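The values are calculated or read from the model by the stated rules, or taken from the named source; none is laboratory data. Please read all numbers here as calculations on a predicted model, not as lab measurements. A quick note on method: Cβ atoms are made from the backbone with ideal geometry, for glycine too, and the neighbour counts reach across all protein chains shown. With ligands, DNA and RNA removed, areas are computed over all heavy atoms of the protein, side chains included. Shrake-Rupley method; radii C 1.70, N 1.55, O 1.52, S 1.80 Å.
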Amino acid sequence: MKNIKIEQVIIFFMILYGLSSCAEFLDVKPDGKMVVPTTLADCEMLLNDYSTMNCSYPNGAEVSADDYFLPLENWQAISNVDEKNLYIWADHEPRITFQWMNAYKIVFTANQVIKVLHENNKSLSETSQYRNLEGAAYFYRAFTFQQLMINYALPYKQATAGQELGIPLKLSPDLGETTFRSSIAACYDQIIDDYRKAVSLLGNTPAGKGLPGKAAAYAGLARLYLDKQDYQKAYQYADSSLQLSGALLDYNNLNANSFAPIPIFNIEVLFPATTGFSYALMQGNGRIDYDLYNSYSSKDLRKKIYFMKNYDLEEISYDFKGTYDNTQSGNFVGLTSSEMYLVKAEAAVRLNNVDVALPTINNLLKYRYPTSDFQPITVTDEADLLQLILAERRKELVFRGLRWADLKRLNQDPATQKTLVRQLGSETYTLAPNSLSYALMIPMEIINTAKIEQNKR
């Protein structure tokens, strides 16, 4: 059979409409003329749909985080009511469903590929093409579930993870399956299982620029175990990822005067992924938090590569321009080697291994300063070194989709808790550490149609 076209399999993306088991709600009838994917080439085409598989992740967590602020007039000008509510942590159920739908479209595609491989192509299971496709499908499912958990679930706590609600774990393309939210523990277990399958199947070299390789799967596990505060495994998987792909950009070679100085698909990127577009976060609208901006030393190359002046306010403010996707259409939330150096360094110091933590963090920072100005960190006190590494983590990974997850885990320790504050004119809004609002509200249409439970408030 000839290869399918994307428009011919649109019926399989009905999951876009909210995981409903209700055919009436979908209001889409299968067309008998549509071609069903069956071959390895079909699967490859589905996974290579970059705009669907790499550019549609939720942005609510980033909108809610504290790396930026909105002037009152900018907030008022946002037409998306959901984003306005996310910015002030309001307890309103979102009206727009695409944040949720687009993510589950990725999950559906991954499930469809797995089904086609297992049912139609098992005889080819030992070929490198089959293994890379299967590994990529498991990776996409794991990565997407992970992004959904960052946005819509409370932080992982061992004592309560078995009772608190995570997300629906859709593991097949069957649209008629009953939808329910699994526990946080079950969600983490599923993500880990998918990533481990990806590790066992993927090759060391990605099959394409938008596709994951083994280093990306290791990195996904490292990120997940850091969120679980399992520092031994976070260290292990970050180190495994870096052994396969540990190259770093030398910021001395970037053009700090460029409006987008960091190239797309650069040597640090293990897996490229971006969120959907956000009015709040768009360049020229959201302004970098002053305390964050001032935390960079004058010699830190990131200060000019990541930020540029905005003169719209009476007081000079700064816009972000340091995206790892080289575009302003969405925020980069993918996996990079630079993140893995920070995971390894943090995990090492938490495991009382200063002798590993120091060279790991210094290996990253030496590429972020002019060679003549770089002064390696020499602090050996574990508590002080941990604070320095956490500070560098925030400075390095600004607008990389990780701040919300970091707040959720760091708020569990009184030493690193933070109350978030927004000021809009005369109104002040706060978000307390460990607030239930760290699990974003699920769109009301999804709740009503799929009949799943809303996050607590």
Report every pair of residues separated by at least 6 positions or lying on different chains whose Cβ atoms are under 8 Å apart, first residue within the range 349-368 and over 15 Å from Arg393 (Cα atoms), second part of a helix (DSSP H, G or I) and of a type in the set (D, E, K, R). Asn352/Glu382; Val354/Glu382; Val356/Lys344
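Could you please find all residues in the range 129-178 being part of a loop (DSSP other than H, G, I, E, B), hydrophobic (A, V, I, L, M, F, W, C) and closer than 16 Å to Ile442 by Cα?
So in the range 129-178, the residues part of a loop (DSSP other than H, G, I, E, B) come out as 153-164, 169-178.
Narrowing further to those that are hydrophobic (A, V, I, L, M, F, W, C): 153-154, 159, 161, 169, 171, 175.
Selection gives Ala153, Leu154, Leu169.
Could you grab me the full set of residues in the range 348-363 that are assigned to a helix (DSSP H, G or I) and either surrounded by fewer than 20 Cβ atoms within 10 Å (Cβ to Cβ) or touching a Cys at 6+ places or on another chain (Cβ under 9 Å) (or both)?
Narrowing the range 348-363 to residues assigned to a helix (DSSP H, G or I): 348-350, 354-363.
If the condition is that a residue be assigned to a helix (DSSP H, G or I) and either surrounded by fewer than 20 Cβ atoms within 10 Å (Cβ to Cβ) or touching a Cys at 6+ places or on another chain (Cβ under 9 Å) (or both), then Arg350, Val354, Asp355, Val356, Pro359, Asn362, Asn363 are the ones that fit.
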Do you know which residues across the range 122-135 are more than 15 Å from Pro37 (Cα to Cα) and surrounded by fewer than 17 Cβ atoms within 10 Å (Cβ to Cβ)? Ser123, Leu124, Ser125, Glu126, Thr127, Ser128, Gln129
Quick one: in the range 88-103, of everything that is in contact with a Leu (Cβ under 6 Å, 6 or more places away or on another chain) and not in a loop (DSSP other than H, G, I, E, B), which residue is surrounded by the fewest Cβ atoms within 10 Å (Cβ to Cβ)? Met101
Read through the list (1) open to solvent by 70 Å² or more (accessible area, probe 1.4 Å); (2) over 22 Å from Leu364 (Cα atoms), then give the number of the only condition that Asp384 fails. (2)
What about Leu342, is it closer than 17 Å to Phe69 by Cβ, open to solvent by less than 10 Å² (accessible area, probe 1.4 Å), among the hydrophobic types (A, V, I, L, M, F, W, C) and not in a loop (DSSP other than H, G, I, E, B)? no
Mind checking which pairs have a first residue in the range 236-264 that is exposed (fewer than 13 other Cβ atoms within 10 Å of the Cβ) and a second that is of a type in the set (Lys, Arg), Cβ under 6 Å, 6 or more apart or different chains? Phe259/Lys321
Can you name the residue in the range 301-325 that is assigned to a loop (DSSP other than H, G, I, E, B) and surrounded by fewer than 19 Cβ atoms within 10 Å (Cβ to Cβ) and is also modelled with the highest pLDDT among such residues? Ile316
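In the range 109-121, what residues are surrounded by fewer than 24 Cβ atoms within 10 Å (Cβ to Cβ) and either in a helix (DSSP H, G or I) or out of contact with any Leu (no Cβ under 9 Å at 6 or more places or on another chain) (or both)? Outline the logic, then answer.
First pass over the range 109-121, keeping only residues surrounded by fewer than 24 Cβ atoms within 10 Å (Cβ to Cβ): 111-112, 114-121.
Hits for the range 109-121 are Asn111, Gln112, Ile114, Lys115, Val116, Leu117, His118, Glu119, Asn120.
Answer yes if at least one residue in the range 275-287 is open to solvent by 60 Å² or more (accessible area, probe 1.4 Å) and not in a loop (DSSP other than H, G, I, E, B), and no otherwise.
We begin by selecting, within the range 275-287, every residue open to solvent by 60 Å² or more (accessible area, probe 1.4 Å); these are 277, 279, 282.
Retained after the next criterion (residues that are not in a loop (DSSP other than H, G, I, E, B)): none.
Checking the range 275-287: not a single residue is open to solvent by 60 Å² or more (accessible area, probe 1.4 Å) and not in a loop (DSSP other than H, G, I, E, B).
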Can you find a residue in the range 405-419 that is open to solvent by 10 Å² or more (accessible area, probe 1.4 Å), in contact with a Lys or Arg (Cβ under 8 Å, 6 or more places away or on another chain) and basic (Lys, Arg)? no
Check whether at least one residue in the range 380-395 is basic (Lys, Arg) and over 30 Å from Gln243 (Cα atoms), and report yes or no. no
Scanning the range 211-259 for residues that are basic (Lys, Arg) and farther than 28 Å from Ser329 by Cα gives Lys228, Lys233
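Being open to solvent by 30 Å² or more (accessible area, probe 1.4 Å) and of a type in the set (A, V, I, L, M), is that true of even one residue in the range 57-76?
We begin by selecting, within the range 57-76, every residue open to solvent by 30 Å² or more (accessible area, probe 1.4 Å); these are 69, 72-73, 75-76.
Filter once more, so that each one left must be of a type in the set (A, V, I, L, M): 72.
Within the range 57-76, one or more residues are open to solvent by 30 Å² or more (accessible area, probe 1.4 Å) and of a type in the set (A, V, I, L, M).
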